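The values are calculated or read from the model by the stated rules, or taken from the named source; none is laboratory data. Treat the numbers as computed from the prediction; the structure is a model and nothing was measured. Cβ: placed from backbone, ideal geometry, glycine included. Neighbour counts: every protein chain shown.
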């Protein structure tokens, strides 16, 4: 089978080109897929490279070079809505060159899923996040559009950029609906993404397939409890408002003023949170919250193993990699009960679920879990068992190959 991946992630291409480990879990999956003798794999992605086609080992890479200068990036920003067609033309050339049996699109967030309308080749879209529900959660409690534009900014230029970002969001969500309506095959892994897919693409077929984790997590030690006086909490967040940094600050403030626990809350992924600080009136440094920036997998594993619990605060999510990775290590997890999280965590069995935007209940559960080591150990062990089953590489690759074979068989019947 000839499989073409259309991805927003260059997978292992940068590792081959620049010599450092990259590609995340998609790169981990590429490594396993390329071990299958009956699969020829190609990966196409937006990337600044002057080569159209780069065969490396058993993968053919197609770096799509569109935004390689400041002028090109400016034109893209000014005429954003027209670039779907430009990107689609590049994808068509890749399809014509590689002649795949199946086109596997990673996510509905970018234009690549539009290829469905322009080919008779089976196209399956692997659900990642879903933009429309995420956009619905973008303006978090206590904000509105004007507040977002004014406070998530420094100066007039930044406000214009925020306005532009909202414009991009509106276009992307509209495009995502078109992608759902024109694609027949989808691949997902949570109760939430299955139901949203059924809503937006009622005549589609849905296949279940889990995701791999980044390779270092499979080789890591499992979490062990720490018998110390100080509580160490770890979270992994990114900049968007819906990731819940405001909830972190409000909860940390409650812990500081309504408990006697000495704690430290480490945030990985960001170095500033001015929007959340303005919204809540709480400075991170004043409530024992430390912003540590981006960490590689090995560093994050070390920090997680040194923590007492992992706390996830997002207002919307499907199956966040950060939760899956922490659960795989066996660290006890507290998470907001949103999106697809319930497919990852069963309440009081493999973790603790809390309502979004409820810092008081979140604080109470943090205190309770820290005070009960036996419960923390039980939740961590059960979570690790569940995660190891969910992210089993053999099970995942077998499921993926089975899906590919079904699509090829279906296409053979259609072709007569």
query: For segment 203-228, how many residues are outside any loop (DSSP other than H, G, I, E, B) and within 21 Å of the chain's Cα centre (by Cα)?
result: 7
statement: The residue that is farthest from residue 60 (Cα to Cα), considering only those in segment 14-38 that are in contact with a strand residue (DSSP E or B) (Cβ under 7 Å, 6 or more places away or on another chain) and either in a helix (DSSP H, G or I) or at pLDDT below 85 (or both), is 26
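Residue by residue, here is whether (1) over 22 Å from residue 78 (Cα atoms); (2) more than 17 Å from the chain's Cα centre (by Cα); (3) part of a helix (DSSP H, G or I) holds:
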residue	(1), (2), (3)
116	yes, yes, yes
120	yes, yes, no
128	yes, no, no
139	yes, yes, no
163	no, yes, yes
168	no, yes, yes
175	no, yes, yes
194	yes, no, yes
- line: Exactly one of 197, 190 is under 19 Å from residue 341 (Cβ atoms), touching a helix residue (DSSP H, G or I) at 6+ places or on another chain (Cβ under 6 Å) and outside the structural domain of residue 299 (by TED's automatic domain parsing), and that one is 190
- prompt: Residues in segment 390-401: is at least one out of contact with any helix residue (DSSP H, G or I) (no Cβ under 6 Å at 6 or more places or on another chain), farther than 25 Å from residue 2 by Cα and in a helix (DSSP H, G or I)?
  reply: yes
- request: Would you confirm whether any residue within segment 96-107 is part of a helix (DSSP H, G or I), out of contact with any strand residue (DSSP E or B) (no Cβ under 7 Å at 6 or more places or on another chain) and either more than 26 Å from residue 339 (Cβ to Cβ) or in contact (Cβ under 8 Å) with a residue 40 or more places away in the chain (or both)?
  value: yes
message: Whether any residue in segment 229-238 is assigned to a helix (DSSP H, G or I), outside the structural domain of residue 140 (by TED's automatic domain parsing), closer than 22 Å to residue 338 by Cα and within 17 Å of the chain's Cα centre (by Cα) is what I want to check.
response: no
- prompt: Which number in (1) farther than 29 Å from residue 15 by Cα; (2) in contact with a strand residue (DSSP E or B) (Cβ under 8 Å, 6 or more places away or on another chain); (3) in contact (Cβ under 8 Å) with a residue 12 or more places away in the chain marks the one condition that residue 209 misses?
  reply: (1)
query: For segment 333-357, which residues satisfy the criterion of being in contact (Cβ under 8 Å) with a residue 60 or more places away in the chain and over 16 Å from residue 190 (Cα atoms)?
result: 356, 357
- line: Per the filter on segment 300-322, residues closer than 22 Å to residue 211 by Cα and either assigned to a strand (DSSP E or B) or assigned by TED's automatic domain parsing to the domain that holds residue 194 (or both) are 310, 311, 312
- request: Tell me, yes or no, whether segment 153-160 has at least one residue that is under 24 Å from residue 315 (Cβ atoms) and at pLDDT 90 or above.
  value: no
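So that you can scan it fast, the table gives a plain yes or no per residue for (1) buried (at least 19 other Cβ atoms within 10 Å of the Cβ); (2) in a helix (DSSP H, G or I); (3) in contact with a strand residue (DSSP E or B) (Cβ under 9 Å, 6 or more places away or on another chain); (4) at pLDDT 95 or above:
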site: 246; (1), (2), (3), (4): yes, yes, no, yes
site: 249; (1), (2), (3), (4): yes, yes, yes, yes
site: 257; (1), (2), (3), (4): no, yes, no, yes
site: 264; (1), (2), (3), (4): no, no, yes, yes
site: 275; (1), (2), (3), (4): yes, yes, no, no
site: 278; (1), (2), (3), (4): no, yes, no, no
site: 282; (1), (2), (3), (4): yes, no, yes, yes
site: 298; (1), (2), (3), (4): no, yes, no, yes
